[in-house]
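This report refers to the structure that appears directly beneath it.
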Amino acid sequence: MIDKPEADIGRGLTVQEVAERTGLSAHTLRYYEKADLLLRRVGRDDSSGHRRYTDDDVRFIEFVKKLRATGMPICRMQEYVALVRAGEATLAERRDMLIEHGDVVRERIADLQASLAVIEWKVENYRLGMEKAAQGVPGGDCVADSRKENG
């Protein structure tokens with residue numbers, strides 16, 4: 001891991017402050033450090049020994065958080081971080097990795113949109129059934145549609 005020069009640490013942000021900024025727990029932040037998902041070793045305060053994060057650390061943590069939120073496996077995130085650390089010679093590899101992950105995310109979004117469409121259809125079906133039942137229409141609680149309904 002790359003060590004931070006002391007000048008970069010300054011006062012820095014505590015793990016609790018970074019947790020508040022990012023919405024991640026202090027436990028998750030410590031895990032990210034242990035799992036080697038940060039660009040460099042988090043600096044320590046000389047007097048207390050507590051972690052001190054820079055604004056650059058926070059920006060990278062936010063990016064890692066996005067990768068995780070979009071379903072990138074930890075091992076792929078570790079590969080990405082290793083490529084970033086390796087420098088500009090890995091730009092094409094990093095780009096390709098993110099293009100590939102973007103394709104996976106777009107597939108997941110399409111699947112979620114299809115699932116949402118079914119849920120919305122189901123809600124509308126219930127609304128129509130309840131409306132007919134409230135009007136006293138016989139069988140109003142059983143609205144038929146060309147789609148098969150489960151549940």
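Points to keep in mind about this one:
- If the condition is being open to solvent by less than 40 Å² (accessible area, probe 1.4 Å) and either farther than 20 Å from Tyr80 by Cβ or part of a loop (DSSP other than H, G, I, E, B) (or both), then region 26-63 contributes Ala26, Ala35, Leu37, Leu38, Val42, Gly43, Asp45, Gly49, Arg52, Thr54.
- Meets criteria (assigned to a loop (DSSP other than H, G, I, E, B) and either in contact with a helix residue (DSSP H, G or I) (Cβ under 8 Å, 6 or more places away or on another chain) or open to solvent by 60 Å² or more (accessible area, probe 1.4 Å) (or both)) for Met77: no
- When we screen Arg68, Arg76, Arg44 for residues that are touching a His at 6+ places or on another chain (Cβ under 8 Å) and modelled with pLDDT of 95 or more, the only hit is Arg76.
- Residues of region 1-25 classified as open to solvent by 50 Å² or more (accessible area, probe 1.4 Å) and at pLDDT below 90, total: 9
The values are calculated or read from the model by the stated rules, or taken from the named source; none is laboratory data. Remember, it's a predicted structure, so these values are computed and weren't measured experimentally. Here Cβ is always computed from backbone atoms with ideal geometry, including for glycine, and neighbour counts include all displayed protein chains. The protein model used for the area step is the full one, side chains on, heavy atoms only, and it has no ligands, DNA or RNA in it. Shrake-Rupley method; radii C 1.70, N 1.55, O 1.52, S 1.80 Å.
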